[in-house]
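What follows is calculated from the coordinates using simple rules that are stated; it is not laboratory data. Since the model is a prediction, treat every value here as computed from it, not as a measurement. Don't worry about glycine lacking a Cβ; one is built from the backbone with ideal geometry, like all the others, and counts go over all protein chains shown.
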């Protein structure tokens with residue numbers, strides 16, 4: 001099993017010297033680090049332990065100017081080695097580094113009391129008491145404090161034993177199987193090209209795998225892998241990994257980007273967090289405060305928006321929205337650190353609740369939902385995220401990101417929720433889901449809309465699919481609209497007559513005078529046959545205008561009795577069928593038809609010929625070629 005230990009502590013307390021004494025590897029590789037005698041960048045080493053365990057070691061800088069580099073290194077570690085010099089004791093970065101580890105969710109570690117060869121025994125006893133008092137309220141309260149000297153080798157064997165014991169007891173909590181490697185170094189290797197390194201925080205990576213560099217969306221492929229300096233075909237969670245990238249230059253990448261498999265992480269400029277303000281923070285964090293935001297190996301400027309208050313007092317926790325200047329990628333449960341804009345110091349940290357956040361109305365019910373989400377498990381978390389997503393729904397890939405559930409567990413839970421009709425799959429290609437309660441509300445809403453249509457248009461048989469989609473369903477994904485319509489039909493809340501949709505109980509009922517008008521109109525057009533009357537000729541004896549008779553004409557069309565060929569020119573369905581048969585008969589013996597041929601075949605005047613020919617074109621029975629018509633295949 002791969003485990004990562006990270007150092008923490010004040011500048012010049014001997015972190016790098018201790019790592020070299022333990023592993024034989026000097027983590028200071030930069031010329032500037034050698035010249036100044038301080039660690040500036042992250043350093044990496046490894047230590048082989050009993051039980052076939054190779055412990056990766058991340059050495060972090062201690063200077064306050066390089067805390068951002070320290071956060072980048074601490075983001076992927078499993079436990080911390082807090083280094084405190086016996087000649088100085090607890091110092092400012094000792095406190096800040098330990099606070100950062102706490103905010104990042106690190107709960108295991110031990111303490112090395114270095115430079116014991118430089119102090120008297122009596123002083124060492126006093127420092128140990130002081131260190132114990134400092135550790136009392138922290139997660140390191142009960143851990144061993146091991147006196148060591150990297151220079152003389154004192155206590156190194158004891159420290160190795162304590163590290164081995166801690167590593168042997170370590171059990172990593174199961175998280176998502178989505179491959180993620182936050183980049184902390186980029187360089188070029190002669191003969192290989194661009195290499196990115198980092199701690200693999202979840203999932204696995206194999207040589208040949210397709211890659212995406214998030215949030216930029218750059219595509220690449222895994223040309224080669226090294227784990228702790230050795231070539232491997234596969235890298236697993238917890239390992240220090242170097243990835244040889246195909247098709248990318250060093251200039252394309254920067255620290256903070258994340259290597260992942262395509263389609264698994266989703267950039268967003270808004271995150272929802274459960275945020276805790278450090279008790280040591282000198283003053284409250286105010287609404288809309290600008291801060292330095294640290295997540296994984298990335299640092300970015302952001303603003304905090306409190307959803308249920310105007311400020312966050314030291315020691316308090318609240319649901320918070322963070323908005324970034326550039327897109328970020330993350331997963332539910334990720335830890336983050338906030339540092340004040342000026343002066344630079346760690347002020348807060350939190351747990352990522354929703355990496356696909358949407359702007360939330362302050363002091364709304366959504367704030368309570370986010371609080372529930374922070375403590376949720378399994379199917380409850382899925383449903384809460386679907387509820388927050390609303391009409392947009394969530395794809396399977398997005399659900400992996402916003403729940404941090406392993407793929408098989410997520411599939412199992414979605415099947416169970418589907419069986420209980422608490423979540424519905426409405427789009428199969430991207431596997432997009434919507435909350436079951438929302439689906440039921442939409443089904444009720446579409447039926448209510450059709451009912452309102454009936455009240456406004458009692459003479460119409462129903463409403464068309466197109467009118468429903470462009471009206472009631474205009475804010476829905478087309479496939480969600482289709483899903484809701486089909487489900488409402490299946491439930492029996494709607495009925496379909498061809499392309500028209502109505503409530504099952506809806507029937508067009510004419511008043512007695514309108515019923516007589518219907519019969520009069522239909523009789524006039526039946527008698528007219530192939531030469532139907534003008535609308536005015538039908539309505540004048542009845543002392544009616546077209547706008548008064550229009551509902552009856554529409555009803556006759558919907559019922560299939562009349563067909564509108566052009567404005568105020570109607571034919572009965574039977575008459576049009578006779579005309580179509582005459583045309584088919586002509587084409588059995590002739591390849592083309594001119595307007596004069598049509599008049600000869602039907603015996604109709606020019607008044608009817610041109611509108612009817614255009615009608616047959618529109619019906620796709622014929623096609624116009626110049627001034628002639630041909631029968632469509």
For residue 596 and residue 534, extending 7 Å from Cα along the Cα-Cβ vector and measuring point to point gives, in nm, a value of 2.9
Using 0.36 nm per residue, how much length does the chain from residue 628 to residue 584 gain when fully extended, once their Cα-Cα distance is taken away? 14.3 nm
Highest average packing first - 78-89, 357-368, Cβ atoms within 10 Å: 78-89, 357-368
Principal axes of the stretch 432-570: Cα extent on each, largest first, Å: 59, 29, 21
Computed E for residue 161/residue 192 - FRET, C-beta separation, R0 41 angstrom, nearest 0.05: 0.60
Mean shadow area of the stretch 305-349, taken as a quarter of the surface of its Cα convex hull (nm²): 4.1
Added length on full extension, which subtracts the Cα-Cα distance from 0.36 nm per residue, residue 290 to residue 617: 111.2 nm
Förster radius 45 Å - calculated FRET efficiency between residue 564 and residue 364 (Cβ-Cβ, nearest 0.05): 0.35
Descending semi-axes in Å of the stretch 106-223, equivalent ellipsoid built from Cα gyration tensor: 41, 19, 13
Among the DSSP beta bridges whose two residues both lie in the chain, what percent are antiparallel, rounded to the nearest 5? 85
Sort out for me the Cα centre separation of the stretch 579-633 from the stretch 236-251, rounded to whole Å. 70
For the stretch 180-260, Kirkwood radius (reciprocal of mean inverse C-alpha pair distance, Å): 12.1
Measure off 7 Å from each Cα along the Cα-to-Cβ vector at residue 152 and residue 464, then give the distance between these two points in nanometres to one decimal. 9.4
Separation of the stretch 433-458 and the stretch 149-206 by C-alpha centroid, Å? 55
Percent of alpha-carbon pairs separated by more than 22 Å within the stretch 268-371: 20
Output the 0 to 90 degree angle, nearest 10, between the alpha-carbon long axis of helix 121-135 and the longest principal axis computed from the alpha carbons of the chain. 20
How far, in nm, would the chain grow between residue 141 and residue 505 when pulled straight, counting 0.36 nm per residue and subtracting the alpha carbon separation? 123.8 nm
Could you work out the Rg to Rh ratio of the stretch 376-488, with Rh taken as the Kirkwood radius (inverse of the mean 1/r over all Cα pairs)? 1.07
Report Rg (one decimal) and Dmax (nearest whole number) for the chain, counting Cα atoms only, units Å. 37.2, 125
Per DSSP H run of n ≥ 4, the term is -39500 (n - 2.57); total these for the chain, divide by its residue number, and report the mean residue ellipticity at 222 nm rounded to 500 deg cm²/dmol. -10500 deg cm²/dmol
Determine the distance separating the Cα centre of the stretch 259-328 from the Cα centre of the stretch 94-139; give it in Å without decimals. 29
